[in-house]
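Trainee: Next up is a structure, given as structure tokens.
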Amino acid sequence: MMNNGNGKKGPQLTLWEKLYFPEIIHGMSITFKALFRPKFTRQYPEERWVPPPVFRGRPVLVVEDETNVERCVACGLCARVCPSLAIQVQAAETELDKERYPELFEINMLRCIFCGFCEEVCPEEAIIMSKDYEMTFSNSKDAVFGKDKLLTPASQLKDRLEFLKQYR
Amino acid sequence: MIVLVPLIKVIVVVLIVLGIVSYLVLAERKISAYMQDRIGPNRVGPKGLFQPFADIIKLVLKEMIVPENANGFIHALAPMISITVAVGALAVIPFGNYIVIGGQKISLIVANVNIGVLYILAMSSLGVYGITLSGWSSNNKYSLLGGLRSSAQMISYELSLGLSLVGVLMIDGTLQLDKITMAQSAGLWNIVYQPLGFLIFVTAAFAETNRLPFDLPEAEPELVGGYHTEYSGMRWGLFFLSEYTNMIVSSALMVALYFGGWSLPFINYAAMAPNLAALLQVVTFFAKIGVLIFVFMWVRWTLPRFRYDQLMNVGWKIMLPLAILNLLGTGAVLLAVK
């Protein structure tokens, strides 16, 4: 019996296993079969992963399709609950029924931790998590997403809105 | 003419083999990927077929760093020794029988010396110098350990390698590789007579080429990169090329000694036009090499690495006695038959 380094005896091998070669051939048969197994590689830039509705991607502001107005009433709850202080909201008055709207709405994507608290706390279902997981920026200024990048029509967010209706 | 023909043969063989080697690297990456449920390189050119060119351009353009306090001369010399020895061993490999150009027979061996097998053994022994010197000259403890391991490993496995070959040499009674091939094309392949010798030879060949499961000289988890830790750029590339060239040489040796070389059963080359026959022989020879190299890669991506004491135990306590046993058995049978 060979010493396996820690003074204990290794597992007892049968003579067949001690011959090395039968077991090596067994191992090789396994790797040979592996040659023909389906491959898991995703060819990324061409083939992109579409996440399921549970996925918490980049938070976005929902815009109603009919009126083309964002749902947000600038209550500031999201900014309040945000654990990483990524959200900044500045309210202003409007003639519309909702009376208030966000004059400025910024999410610093370098700070955002995708926890989804903003979505959870929002009374208007105005900020929700999208499926977008591809964010690149080359400096910290570009990482602050303003309203231009955040506003998204509700028709593009159907999956998540449906999901929220069912599970929230 | 006497100088020119061997010169052309040398150039052709070196170019072909180095071309094959660069594609072997791609093949290995592809095979390993497929065994791990991946796809492997597929971006450079159609299906990744131009990957070797990208690799080589990258290696050539990279800076060759020589560590401080390293012995610069030996550091530069070591990879050259490795590649020279690896390519040099190709000189006695019979790639085919002969071709006829302008009514002249030209044999498809660069140098048909009468001690071919001995020459290859000598060359593969010299290969240790490249690795050991590179480990020693790098001024790095991991490199040194890798170099020492490889010298110990190669010296212990060379014994069983040489002894396992003697069985074949006793059967065919010659050291000339093309005569051994001829003898096999007339009768049965030597693997039928020498299955045990073949197994010992394969195992020792794995150790000689530093391939898994015997790649202790470059065991990444323990030794960083082993003897080539301090190498970069084309100097590292030369070690890489010599590893794959060594694989070709040992596969070619196995084909020539045990698998009938360029011959195929039930095919009579003598009945064909000599040049067509030569072409077929070369294709056959390389196809057989290809299969064996696939086995090399297959084993590498299947088996884990041996521990150092296990390596030495297998080499001295199992392989060497078995090789001697094989030798005695072969001798006894030959004595009884003749």
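Trainee: With runs of 4+ DSSP H residues as the only contributors, calculate the mean residue ellipticity of chain A at 222 nm using -39,500 (n - 2.57) per run, divided by the residue total and rounded to the nearest 500.
Mentor: -6000 deg cm²/dmol
Trainee: Please say if segment B:10-106 is rounded, prolate or oblate, where rounded means a/c under 1.5 for a ≥ b ≥ c the square roots of the C-alpha gyration tensor eigenvalues, and otherwise the choice is prolate for a/b larger than b/c and oblate otherwise?
Mentor: Taking the square roots of the gyration eigenvalues as a ≥ b ≥ c, segment B:10-106 is oblate.
Trainee: Let me ask you something else. If the reach is capped at under 23 angstrom between alpha carbons, list the lysines near B:Lys179, excluding any in the same chain fewer than eight residues apart.
Mentor: Qualifying lysines at Cα under 23 Å: B:Lys9, B:Lys105, B:Lys288, B:Lys338.
Trainee: Students often get this wrong, so check it: of A:Lys98/A:Lys149; A:Lys18/B:Lys30; A:Lys141/B:Lys58; A:Lys149/B:Lys58; A:Lys98/A:Lys141, which have C-alpha atoms separated by over 28 Å?
Mentor: Too far apart for the 28 Å limit: A:Lys18/B:Lys30; A:Lys141/B:Lys58; A:Lys149/B:Lys58; A:Lys98/A:Lys141.
Trainee: So, one more: Averaged over every viewing direction, what's the projected area of the C-alpha convex hull for chain B? Give it in nm², one decimal, please. The partial results should precede the final answer.
Mentor: Details: hull surface 76.7 nm².
Computed as one quarter of the Cα hull surface, the answer is 19.2 nm².
Trainee: Take segment B:118-270, drop everything but the C-alpha atoms, weight them equally and run the Debye formula without solvent; then report log10 I(q)/I(0) at 0.17, 0.18 Å⁻¹ to two decimals.
Mentor: After summing over all Cα pairs, the log10 values are -0.91, -0.98.
Trainee: Also, quick follow-up: What does the highest-first list of B:223-236, B:46-59 look like by mean Cβ count within 10 Å?
Mentor: Descending mean neighbour count gives B:223-236, B:46-59.
Trainee: Further question: Measuring from centroid to centroid over Cα atoms, what is the spacing of segment B:85-105 and segment B:263-311 in Å?
Mentor: Using only Cα atoms to place each centre, the spacing works out to 17 Å.
Trainee: Check which residues have an amide H placed less than 5 Å from A:Val144's amide H, if you skip close sequence neighbours.
Mentor: Close amide H contacts, sequence-distant or interchain: A:Met109.
Trainee: Per DSSP helix of 4 or more residues, -39500 (n - 2.57); summed, then divided by the residues of chain B. What does that give at 222 nm, rounded to the nearest 500? Please report the intermediate quantities before stating the final value.
Mentor: Details: 13 runs with 223 residues, N = 338.
About -22000 deg cm²/dmol.
Trainee: For A:Leu35, B:Leu144, which order do you get if you count the other beta carbons within 10 Å of each Cβ and list the fewest first?
Mentor: A:Leu35, B:Leu144
Trainee: Can you work out ³J(HN,Hα) from phi for every residue in segment A:147-161, in order, using Karplus 6.51 cos²θ - 1.76 cosθ + 1.60 and θ = phi - 60°, giving whole Hz and x for Gly and Pro?
Mentor: In residue order, the calculated couplings are 4, 4, 8, 7, 5, 9, x, 4, 5, 7, 10, 3, 3, 5, 4 Hz.
Trainee: Residue by residue, what Karplus-based ³J(HN,Hα) values in Hz, rounded to whole numbers, does segment B:149-163 have, using 6.51, -1.76 and 1.60 with θ = phi - 60° and x for Gly and Pro?
Mentor: Residue by residue, segment B:149-163 yields 4, 5, 5, 4, 5, 5, 5, 5, 8, 4, 4, 5, 4, x, 5 Hz.
Trainee: Given the alpha-carbon gyration tensor of the protein assembly as shown, what are the semi-axes of its equivalent ellipsoid in whole angstrom, ordered largest first, with each equal to the square root of 5 times an eigenvalue?
Mentor: 64, 26, 24
Trainee: So which aspartates and glutamates can A:Lys33 reach, going by Cα to Cα under 19 Å and dropping same-chain residues fewer than 8 places off?
Mentor: Excluding near neighbours in sequence, the set is A:Glu23, B:Glu28, B:Asp37.
Trainee: What whole-number distance in Å separates the alpha-carbon centres of segment A:33-49 and segment B:108-124?
Mentor: 46
Trainee: Moving on to the next point. Express in whole angstrom the spacing between the alpha-carbon centres of segment A:128-162 and segment B:1-71.
Mentor: Using only Cα atoms to place each centre, the spacing works out to 45 Å.
Trainee: Above 19 Å lies some portion of the pair distances; for segment A:59-167, what is it as a whole percent of all C-alpha pairs?
Mentor: When every Cα pair of segment A:59-167 is considered, 42 percent fall beyond 19 Å.
Trainee: Rounded to the nearest 10 degrees, what's the angle between the helix A:21-34 long axis and the longest principal axis of chain A, both from Cα atoms, 0 to 90?
Mentor: With rounding to tens, the tilt is 30 degrees.
Trainee: Can you tell me the order of A:58-69, B:97-108, B:114-125, A:130-141 when each peptide is scored by its average per-residue count of other Cβ atoms within 10 angstrom, highest first? Write out the running numbers ahead of the final one.
Mentor: On the way: A:58-69: 16.4, B:97-108: 13.8, B:114-125: 18.2, A:130-141: 11.3.
The peptides rank, most packed first, as B:114-125, A:58-69, B:97-108, A:130-141.
Trainee: Label segment B:241-282 by shape, choosing from rounded, prolate and oblate, from the square roots a ≥ b ≥ c of the eigenvalues of the Cα gyration tensor; if a/c is under 1.5 it is rounded, and otherwise prolate applies when a/b is larger than b/c, oblate when it is not.
Mentor: Note, shape of segment B:241-282 comes out oblate.
Trainee: Compute the Cα gyration tensor for segment B:51-161, then decide on rounded, prolate or oblate, letting a ≥ b ≥ c be the square roots of its eigenvalues: rounded whenever a/c is under 1.5, prolate when a/b is larger than b/c in the other cases, and oblate in all that remain.
Mentor: Since a/c reaches 1.5 but b/c is at least a/b, the shape of segment B:51-161 is classed as oblate.
Trainee: When we measure straight from the Cα of A:Lys165, which lysines land under 18 angstrom away, once same-chain ones fewer than 8 places off are left out?
Mentor: Within the straight-line cut-off, A:Lys165 pairs with A:Lys131.
Bear in mind that the values in this text are calculations on the coordinates, not laboratory data. Nothing here was measured: the structure is a model prediction, and the numbers come from that model. When we count neighbours, we look across all protein chains shown, and the Cβ atoms used for this are built from the backbone with ideal geometry, even at glycine.
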